[in-house]
Number of protein chains: 2
Amino acid sequence: MSMLNEMFDPDRVAVVGATPREGSIGRAVTSNLLEDFDGETVPVNPNYDEVLDTTCVGDIGDADADVAVVVVPPSIVLDAIEACGAAGTRNVVVITAGFGETGEEGANRERRLAEMADEYELNLVGPNSLGIMSTPSGMNATFGPENALPGGLSFMSQSGAFITAVLDWANDHGVGFKDVVSLGNKAVLDETDFIEYWGKDEGTDVIIGYLEGIENGRAFIEAARETTQETPIVAVKSGRTSAGAQAASSHTGTLAGSEKAYEAGLDQAGVIRAESVDELFDAAGILGNQPVPETDGVAIVTNAGGPGVMATDAVGDSVLEMASFTAETTEALRDAMPEEANVHNPVDVIGDADIDRFREALEIVADDDNVGAVLVLSAPTAVIDFGDLAEATCEVNEVTEAPIAACLMGGDRTREPKRLLQERGIPCYFDPARGIESLATLAKYREIREREYAEPMAFDVDRERAFEILASVHDRDDNRLGVEAMELLDAYGIPTPEGAIVDSPERAAEVAEGIDGDVVMKIVSPDILHKSDIGGVAVGVSDADAADTYEDLITRARNYQPDATLLGVQVQEMVDLDDGVETIVGMNRDPQFGPLLMFGLGGIFVEVMEDTTFRVAPVSEPEAREMTEEIRSAPLLRGARGRDPVDIDAVIETIGRLSQLVTDFPAILELDINPLVALPDDDGSNAAAVDVRLTVDPETLPNDPTHLTDSPEPTQTND
Amino acid sequence: MSMLNEMFDPDRVAVVGATPREGSIGRAVTSNLLEDFDGETVPVNPNYDEVLDTTCVGDIGDADADVAVVVVPPSIVLDAIEACGAAGTRNVVVITAGFGETGEEGANRERRLAEMADEYELNLVGPNSLGIMSTPSGMNATFGPENALPGGLSFMSQSGAFITAVLDWANDHGVGFKDVVSLGNKAVLDETDFIEYWGKDEGTDVIIGYLEGIENGRAFIEAARETTQETPIVAVKSGRTSAGAQAASSHTGTLAGSEKAYEAGLDQAGVIRAESVDELFDAAGILGNQPVPETDGVAIVTNAGGPGVMATDAVGDSVLEMASFTAETTEALRDAMPEEANVHNPVDVIGDADIDRFREALEIVADDDNVGAVLVLSAPTAVIDFGDLAEATCEVNEVTEAPIAACLMGGDRTREPKRLLQERGIPCYFDPARGIESLATLAKYREIREREYAEPMAFDVDRERAFEILASVHDRDDNRLGVEAMELLDAYGIPTPEGAIVDSPERAAEVAEGIDGDVVMKIVSPDILHKSDIGGVAVGVSDADAADTYEDLITRARNYQPDATLLGVQVQEMVDLDDGVETIVGMNRDPQFGPLLMFGLGGIFVEVMEDTTFRVAPVSEPEAREMTEEIRSAPLLRGARGRDPVDIDAVIETIGRLSQLVTDFPAILELDINPLVALPDDDGSNAAAVDVRLTVDPETLPNDPTHLTDSPEPTQTND
């Protein structure tokens, strides 16, 4: 996709299906291009010699175009695309609707469209797109009513109507764009392609998106991680709630992945998520114009105590904190301010402050190294003119490295000062909370930019053995494996209690004797789900009793369900639960993001308290560590309530090994290690996977282990 | 305070300290009154015959005023108030600052002001107030720059600057008020007085407040509960966060109560809490103009799929739900809409919808009984005119009982349509989320209006015996009581395990023999905090061993700390923790709201998961029940994970009895029953308070039990 430069900065744009017919999309696109585009607009339509006073060619082959905008009826779109391909026009924007969003026939047509684009190596936007824009050349290749103003935001949207709405608003508020793309059905180009392009584009300061789904989560995460080191990405992911997801799916046919996966994936990608239109543009506005704060301390300077308290509350709600001034700052404020003023943060210059006092206070706090960001906050008074204050704010903004936001609390009199501030890139609101929230966005972005993404955890593992165990699913009816697959964990170095599955009383006794202390014995059968309920589990069995217990368990299982498949009896070392903490490590496969890992404390914590955390696999060591730290019950791992702390590194390593397993084998659809007992840090094995369940898709399994993709180089030493 | 009518609708208003001096507050107030007030304005100042062309009297006694606005210097305010009192002017607004907000001397002056107001039975606003307004008579008795427009909102604020800011904005946005009060330091009249007045005031549709503190939490709750049955109250409680509370306290000297108490108290009071200025006015606007929805189902009608999804997400985030249409509605929509339209909720009339199609869809859904509220949501298109859509929305609003909000997603072209909608009381935003949130406010208010506030729980209790136990604190150095106060619980009918505190081996044996099964024995000493650590607790003691165990425990305590006060040894029935669930019921006394009850599950749930809930006491049975239902770990009480459910009614009764105890005895500052073991529902006592700790203020205790106030009539039968 190296040619997106040409897509957004073409010399010649062809409109395939251009027409002078009033009210038609073909006319609207042609007219929009003719109006502002610096390059050449070439109408293509065999039925006309001229469209809107411009020479019209009969065939795209005669247009010599860098970009073709296709507006012909759906039935002939494929012919038009083929013609583009043959003519060597590599960038195509398909505005025509009637594809995947309309049912079976449309979906087939869309598949053929994608195949053809692949064949001719086309960059294809759409179908069902409003079009694209790029302001440096004035290109408006959409059928929307308005062109964008120039600016530093590049904007992609899965909703064309949302673009129309945003431009209508943005043009009246002086908000400008570099490029705009209506993604349509994303048959070929999707959000990841544009992130990659805009991430390297000089003209793009901030990437903003309205997304209802993400096509390829892993590619998205990787592209966004790289991009956000330089260029922030802010996005509304719509369809967050189950009601919203349903609405999104009926609207575009987008298959909704789980919100948990989006939450984890977008966070791992470094995307700043907005939950409303206001949040989206508040964030984009300040990210594009103000520097990133060096510290989280914010200084508030106000002439109004109450609003100062409101702003301070907003700081308390955010990732920011109230800056502690240096002694010099406090002293300088005390010298400059009247006695009744509050020289601590929030600084109250008092209602009778004129512009000089206000400016001086601003200059003093902006110069303090503890101050990462500044909020200018004013109520209307007889002595302060908002215009003067806006100018003073702009002056301070020129000389300080701290970002600034302003809140001018008033009506129409704020309009001009607000415009001045916004022209200089300083956001201005009525509500103090909104001013603080916009500054907080900068701090969030600093955290993202400072992230050092580590490599996924990788260990020396036995992939062939894992494959053999997974392949045993071919013998099953239900694609599920249980405790009989414990060796799968073993193959990936996940510690499991000593033991084996045996098929005779003699072997049971032998295995039990080989294990120190008493053992646990369990029926192994895919047909018996609740083993305890039928007496299929025996705890604390001595070596001497192992053989008899084997017979008992088999008899009970037979009595309970004569036709059940019995795979044998598991004889397992007893793990002392009293010393450890039960955790759950699980995974399910998300349609967009692939393997989604889950971690939580066992029992009530997952089932009742829903205290869980998620990451898209593969995870790095820091990501796995975060999982063990961010659950609310994390203090229990660290030894709350007088217990010994568990060996958290052993848990992290298990998460990493599971991450590698589910990444290596896309055939694993779901997997739960429940419980993974985390044990106190001593010199033995400090975690024990006591039970496992998984679902495998036999169709996705390779035919033999030689078809396995190469494992990454181990980045972690095995203990 | 029956005379607030006169305060807000006076015939004559005196300005004590009126002056023609430019830039003075006295001139500003006089000028504001003279400008719009329908009644008579009487300047009072011995130094002038006329002020601003109006006859000035030398003494308030000559003014015959219903309201006196006092602007004289702080040193002579008290004289002026006395003169008002003597003159029979019962309503006084003290604008002068320099009282409690300025330190010791000012605080003394404020106390004398309050005493004088009490003596003369004055309704006194302030000091340190911007003044008051009432639009029906045009009275602007403030020194602010603008008068309010007439409307249905009555507004009180602890920040004068916030009033100035809000009026500046409101006047330019056509938002009107009935009365406005700047509360100032609240030396006499506070938020509760105005809630009581406005709750009965015909002209007030919605009460809105900016509060940094509440003076008397209990009175506030009672007044607000009554008021909100008819008139909604929306308030910003500023100083929510610890940073904000600190800022508020340095700003007004308000003593910050705990946010937990405010959260519980405002919710119990039925106050809708706003967290920002936008939220405050969004809520007030719709509450004053749109009806309360009959169901929580909301219908969205849009011409834009993407924004429809955003609105649906906002529904998912709110207390609302997406309405399920009746078959008739779906059919009617199918008949009226083109095939591509989505006739399910959110209804998508498609981008080519003209005003007729849009209106028809609106009419159809608004007529559906499952639809409690409607959101009209439009992106700009070539075929829809926002003005037409605004008019159609107003028409539908006329005929439907469902509240309506609109989102017109565009720039300047939305200005006039928005004004039209707002004039008709229909809120209009750009952001779909904000439209939904405003509709959700109506649903929240319906819930409040439908509340039936039950009487506080009250039981037959032994107050004299409780008093005797509390009085034992007089013998202590540290005001704390421990397990030796178990009888206090007993006196209030809270079930405790059988047992007694004994002072000899013989008594220990006797008590142990009287108890079925083994016993627990514990050292009782105010000087030994961690009894287990020194071997001061013996579990599972048989009757035969009780005497020896007594000696052992005493010896250990003596060895550990020879000078410790030993109150004896507690011999207590063993409560079987395995069958029960450990809970904690606690209380601490908040400076504003008084006794604040806490409930949670014991151990990790309170300590690690912070899974607790709070209510201001006294609580009714439904409130106590809510406490047991709303903690996240509540399923464990109901028998999650295969356990027997506990007797929740026994827990609720214990909460109710504790509520009565701490309400009866303001001397109890803190009290924890930890654990209260909740036991399965059988025919015995199904809860057991195993341990108690409390702090008592000896100063607050009555001298003898005959001074105890009367208990309320029992509303609950004792088991």
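Some notes on this structure:
- Taken over segment A:1-27, residues that are small (G, A, S) and out of contact with any strand residue (DSSP E or B) (no Cβ under 8 Å at 6 or more places or on another chain) amount to 3.
- Test result for A:L553, outside the structural domain of A:I648 (by TED's automatic domain parsing), aliphatic (A, V, I, L, M) and at pLDDT below 85: no
- For segment B:573-593, the set of residues classified as in a strand (DSSP E or B), within 19 Å of B:P645 (Cβ to Cβ) and among the charged types (D, E, K, R) consists of B:E582 only.
- Test: residue in segment A:215-230 that is in a strand (DSSP E or B) and either within 14 Å of chain B (Cβ to nearest Cβ) or crowded, with 24+ Cβ neighbours inside 10 Å (or both): no
- Applying the criterion of being hydrophobic (A, V, I, L, M, F, W, C) and more than 33 Å from the chain's Cα centre (by Cα) to the residues of segment B:364-375, the residue that is nearest to the other protein chains (Cβ to nearest Cβ) is B:V365.
- Any hit, segment A:115-124, residues being within 14 Å of chain B (Cβ to nearest Cβ) and either out of contact with any His (no Cβ under 7 Å at 6 or more places or on another chain) or more than 29 Å from A:V206 (Cβ to Cβ) (or both): no
- Residue under evaluation A:G144, criteria (1) at pLDDT 95 or above; (2) buried (at least 24 other Cβ atoms within 10 Å of the Cβ), criterion not met: (1)
- Looking at A:A248, A:A311, just one residue is within 10 Å of another protein chain (Cβ to nearest Cβ), free of Cβ contacts under 8 Å to residues at least 60 places away in the same chain and either outside any helix (DSSP H, G or I) or crowded, with 23+ Cβ neighbours inside 10 Å (or both), and that residue is A:A248.
- When each of B:A471, B:A443 is tested for being buried (at least 20 other Cβ atoms within 10 Å of the Cβ) and out of contact with any strand residue (DSSP E or B) (no Cβ under 7 Å at 6 or more places or on another chain), the lone residue that passes is B:A443.
- Options A:P526, A:P562; residue that is surrounded by 16 or more Cβ atoms within 10 Å (Cβ to Cβ) and over 30 Å from A:N686 (Cβ atoms): A:P526
- Residues of segment B:596-629 satisfying the condition of being more than 18 Å from the chain's Cα centre (by Cα), within 20 Å of B:I668 (Cβ to Cβ) and away from chain A (no Cβ under 13 Å): B:F599
- Hits in segment A:158-198 (condition: in contact with a Ser or Thr (Cβ under 6 Å, 6 or more places away or on another chain) and either surrounded by fewer than 24 Cβ atoms within 10 Å (Cβ to Cβ) or within 13 Å of chain B (Cβ to nearest Cβ) (or both)): A:G160, A:I163, A:S182, A:G184
- Flag for B:V301 being more than 12 Å from chain A (Cβ to nearest Cβ) and of a type in the set (V, I, T): yes
- Listed by position, the helices (runs of 4 or more DSSP H) enclosed by segment A:344-435 that each have at least 1 residues that are among the aliphatic types (A, V, I, L, M) and closer than 17 Å to A:A304 by Cβ are A:355-366, A:386-399.
- Residues of segment A:321-342 classified as in a loop (DSSP other than H, G, I, E, B) and surrounded by fewer than 20 Cβ atoms within 10 Å (Cβ to Cβ), total: 6
- Considering segment B:270-298, and only residues there that are more than 10 Å from chain A (Cβ to nearest Cβ) and assigned to a helix (DSSP H, G or I), the residue that is surrounded by the fewest Cβ atoms within 10 Å (Cβ to Cβ) turns out to be B:N289.
- Looking only at residues in segment A:71-111 that are in a loop (DSSP other than H, G, I, E, B) and without any contact (Cβ under 8 Å) to a residue 12 or more places away in the chain, the one that is nearest to A:N32 (Cα to Cα) is A:G88.
- Just so you know, in segment B:440-452 the residues that are out of contact with any helix residue (DSSP H, G or I) (no Cβ under 7 Å at 6 or more places or on another chain) and in a helix (DSSP H, G or I) include one that is nearest to B:G316 (Cα to Cα), and it is B:A440.
- Of everything in segment A:26-76 that is of a type in the set (G, A, S) and either over 22 Å from A:A97 (Cα atoms) or more than 43 Å from the chain's Cα centre (by Cα) (or both), the residue that is surrounded by the most Cβ atoms within 10 Å (Cβ to Cβ) is A:A65.
- Failed item in (1) modelled with pLDDT under 95; (2) within 14 Å of chain A (Cβ to nearest Cβ); (3) out of contact with any Gly (no Cβ under 9 Å at 6 or more places or on another chain), with B:E455 passing the rest: (2)
- In segment A:407-432, the qualifying residues are those that are more than 16 Å from A:V374 (Cβ to Cβ) and hydrophobic (A, V, I, L, M, F, W, C), and the one that is surrounded by the fewest Cβ atoms within 10 Å (Cβ to Cβ) is A:L420.
- Count of residues meeting criterion [part of a helix (DSSP H, G or I) and in contact with a Lys or Arg (Cβ under 6 Å, 6 or more places away or on another chain)] in segment B:453-496: 1
- When each of A:R413, A:R419, A:R480, A:R476 is tested for being within 32 Å of the chain's Cα centre (by Cα) and in contact (Cβ under 8 Å) with a residue 24 or more places away in the chain, the lone residue that passes is A:R480.
- Criterion: surrounded by 15 or more Cβ atoms within 10 Å (Cβ to Cβ), modelled with pLDDT of 95 or more and closer than 30 Å to B:Q660 by Cβ - qualifying residue of B:L489, B:L481, B:L567: B:L489
- Wholly within segment B:594-711, strands (runs of 3 or more DSSP E) carrying at least 3 residues that are surrounded by fewer than 22 Cβ atoms within 10 Å (Cβ to Cβ): B:668-678
- Options A:Y429, A:Y492; residue that is of a type in the set (F, W, Y) and under 30 Å from A:D205 (Cβ atoms): A:Y429
- Annotation: A:A640 fulfils all but one of (1) under 18 Å from A:P456 (Cα atoms); (2) out of contact with any Pro (no Cβ under 6 Å at 6 or more places or on another chain); the unmet one is (1).
The values are calculated or read from the model by the stated rules, or taken from the named source; none is laboratory data. A quick note: this is a predicted structure, and the numbers were derived from the prediction, not measured. Counting neighbours? That spans all protein chains shown, and the Cβs are built from the backbone with ideal geometry, glycine included.
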